[in-house]
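To start, the structure itself, in structure tokens.
The values are calculated or read from the model by the stated rules, or taken from the named source; none is laboratory data. Values in this document were obtained by computation on a predicted structure and should not be read as measured data. Cβ atoms come from the backbone with ideal geometry, glycine included; neighbour counts cover every protein chain shown.
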Amino acid sequence: MQAAYEQYRAGCQLISILTNLEVQLFDNERVSQIHYASYDLPTVIERYKQAALVHVLQQPLVKDCVYVFCDSIQLEFLAAGMWDGAEYRGTIVVGPCISKAYPPQLLREMIHKERLPLVMQRQLHQCYTTLTMVDEAKQHAISSLLINVLTPGMRQPQRIEIALPPSEDTAVKFNDDLEQDRTLIERRYASENKLLHAIAKGDPHMLKTAMEEGKGISWPYRHPNAPVRSMKNLSFSANTLFRKAAESAGVHPFYLDSVSGKFAIRIEQAQSIAELTCLYEEMPHVYCNLVKELALAALPPMVKEAVTSIRFSIDQPLSLNRIADTLGVHPSYLSRTFKKALGMTLTDYINKFRIEEAKYMLDQGNESVATIALSVGYNDPNYFSKVFTKLEHVTPKNYRKRKKGYA
């Protein structure tokens, strides 16, 4: 980093902490010099962010003005120039954020407009429900910070450290405490391993038992004076461990990236121990269900490729012959191998996965049954309804009514 930009660090950090948004400072050559981010963005959002930054940094800036940029998927960025007198020193960018809630139907319209795979809908929906929302009033407040806080040479408080005297009988109690700590640490690690094993197995019953056994075991706060921050750190670590357990079972990174990113954002945005505790209890179940539904580790390589092809092309024409041709194998061989591995025919698997996606869309949006049928690969709404009813024992329309609670 160029030393000339170090004087802006305190202002950037202050804005990041107060807004819970990503803050990045670029010099006048468009090179990043300072970067604060509370969490990692999911891959799809990160790609759009990088594309947006290219355009943001090309914008000529006027002193004492704050610019609000909105990209094609409604991600917003606030940017302002940094000035030393009349000299332009660089650009500070805050975001991405969103200015309003985006229901699934609007997200689907964006996906269609951007020509993204249908499978991206869930990931985008999860991202948009966890991104920081910045309305007009908050934008005005952030704008004021950008104009007034980023002045060279912000005064920093002096730090004074005082060592307190040790408490009495510390040495006498140490050996007893050490033995208790050793036993507790062993219990913690044994409990954690049971939890990770249950996730990797995709076994909800095993997971429930592991979580019940671990309820009485406490974990230490690394920052006793900041319990929420300590709990967040523990939650971030747990999120990583749970993700790795699911990955070891063969869940595709695409799905893991979406879920892991969602939880990372929610952890950072949590304001209390109670919120974080609920998240900690939710995470293992979500990862365990992912393994149960999506794990591919034990499947033959050809079947893995077929399943991945189906999941990422759910809105495209799919058939045994088409997929066999894509994989370069004979349809009969693929059919036998697929059924032996998964206990169902390839066509049944396609229908099952399509209906699961349709159920998600019926739950989340208000689109017509015909539109949903087309979105998940059924050109004939009547045939879609027939398959849906066969698998779910209820028509799509009545399924939606039941889930919405008015039937």
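Taking the criterion of being of a type in the set (Gly, Ala, Ser) and either part of a helix (DSSP H, G or I) or surrounded by fewer than 19 Cβ atoms within 10 Å (Cβ to Cβ) (or both), the residues of segment 269-298 that qualify are Ala270, Ser272, Ala274, Ala297, Ala298.
Considering segment 3-40, and only residues there that are acidic (Asp, Glu) and within 19 Å of the chain's Cα centre (by Cα), the residue that is surrounded by the most Cβ atoms within 10 Å (Cβ to Cβ) turns out to be Glu22. The residue that is surrounded by the fewest Cβ atoms within 10 Å (Cβ to Cβ), counting only those in segment 97-113 that are outside any helix (DSSP H, G or I) and under 18 Å from the mean Cα position of the chain (by Cα), is Ala101. Filtered by the rule that a residue be touching a Ser or Thr at 6+ places or on another chain (Cβ under 9 Å) and either assigned by TED's automatic domain parsing to the domain that holds Leu195 or touching a residue at least 40 places away in the same chain (Cβ under 8 Å) (or both), segment 314-332 gives Ile314, Asp315, Leu318.
Restricting the first member to segment 33-46 and to residues that are under 12 Å from Thr130 (Cβ atoms) and in contact (Cβ under 8 Å) with a residue 12 or more places away in the chain, and the second to residues that are β-branched (Val, Ile, Thr) and surrounded by 17 or more Cβ atoms within 10 Å (Cβ to Cβ), the beta-carbon pairs closer than 8 Å and six or more apart or on different chains are Tyr39/Ile265; Tyr39/Ile267.
The set of residues in segment 371-390 that are of a type outside the set (Phe, Trp, Tyr) and within 30 Å of the chain's Cα centre (by Cα) comprises Thr371, Ile372, Ala373, Leu374, Ser375, Val376, Gly377.
Consider Thr337 carefully, then state whether it is of a type outside the set (A, V, I, L, M), over 27 Å from the mean Cα position of the chain (by Cα), over 28 Å from His125 (Cβ atoms) and surrounded by 16 or more Cβ atoms within 10 Å (Cβ to Cβ). The answer is yes for Thr337.
Here segment 350-407 is the region considered, the condition is being in a helix (DSSP H, G or I) and among the aromatic types (Phe, Trp, Tyr), and the residue that is nearest to Leu294 (Cα to Cα) is Phe353. For segment 11-66, filtering for residues that are under 21 Å from Phe263 (Cβ atoms), part of a loop (DSSP other than H, G, I, E, B) and among the hydrophobic types (A, V, I, L, M, F, W, C) leaves 3. Is there a residue in segment 87-96 that is in a loop (DSSP other than H, G, I, E, B) and surrounded by fewer than 21 Cβ atoms within 10 Å (Cβ to Cβ)? For segment 87-96, residues in a loop (DSSP other than H, G, I, E, B) and surrounded by fewer than 21 Cβ atoms within 10 Å (Cβ to Cβ): absent. Based on what the data block shows, is Ala52 surrounded by fewer than 17 Cβ atoms within 10 Å (Cβ to Cβ) and either among the small types (Gly, Ala, Ser) or closer than 19 Å to Met82 by Cα (or both)? No: the conditions fail for Ala52. Restricting Ser235, Ser230 to those that are modelled with pLDDT of 75 or more, within 26 Å of the chain's Cα centre (by Cα) and farther than 20 Å from His285 by Cβ reduces the list to Ser230.
Scanning segment 299-314 for residues that are crowded, with 19+ Cβ neighbours inside 10 Å and either over 10 Å from Ile350 (Cα atoms) or at pLDDT 90 or above (or both) turns up Val303, Ala306.
Go over the candidates Leu75, Leu116 one by one and state the one that is closer than 30 Å to Ala373 by Cα, outside the structural domain of Thr371 (by TED's automatic domain parsing), under 19 Å from the mean Cα position of the chain (by Cα) and crowded, with 18+ Cβ neighbours inside 10 Å. Steps first, please.
Values: Leu116 fails: crowded, with 18+ Cβ neighbours inside 10 Å.
Exactly one residue qualifies, and that residue is Leu75.
Of the numbered criteria (1) within 17 Å of the chain's Cα centre (by Cα); (2) within 30 Å of Arg188 (Cα to Cα); (3) part of a helix (DSSP H, G or I), the one Phe254 fails is (2).
Here's the yes/no breakdown for (1) over 30 Å from Asp363 (Cα atoms); (2) in contact with a His (Cβ under 9 Å, 6 or more places away or on another chain); (3) acidic (Asp, Glu):
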site	(1), (2), (3)
Ala10	yes, no, no
Asp40	no, no, yes
Ile45	no, no, no
His55	yes, no, no
Ser72	no, no, no
Leu78	yes, no, no
Gly85	yes, no, no
Tyr88	yes, no, no
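A search for C-beta distances below 7 Å between a residue of segment 1-23 that is modelled with pLDDT of 85 or more and any residue that is surrounded by fewer than 16 Cβ atoms within 10 Å (Cβ to Cβ) and not in a helix (DSSP H, G or I), counting only pairs 6+ apart in sequence or on different chains, returns Glu22/Ala37.
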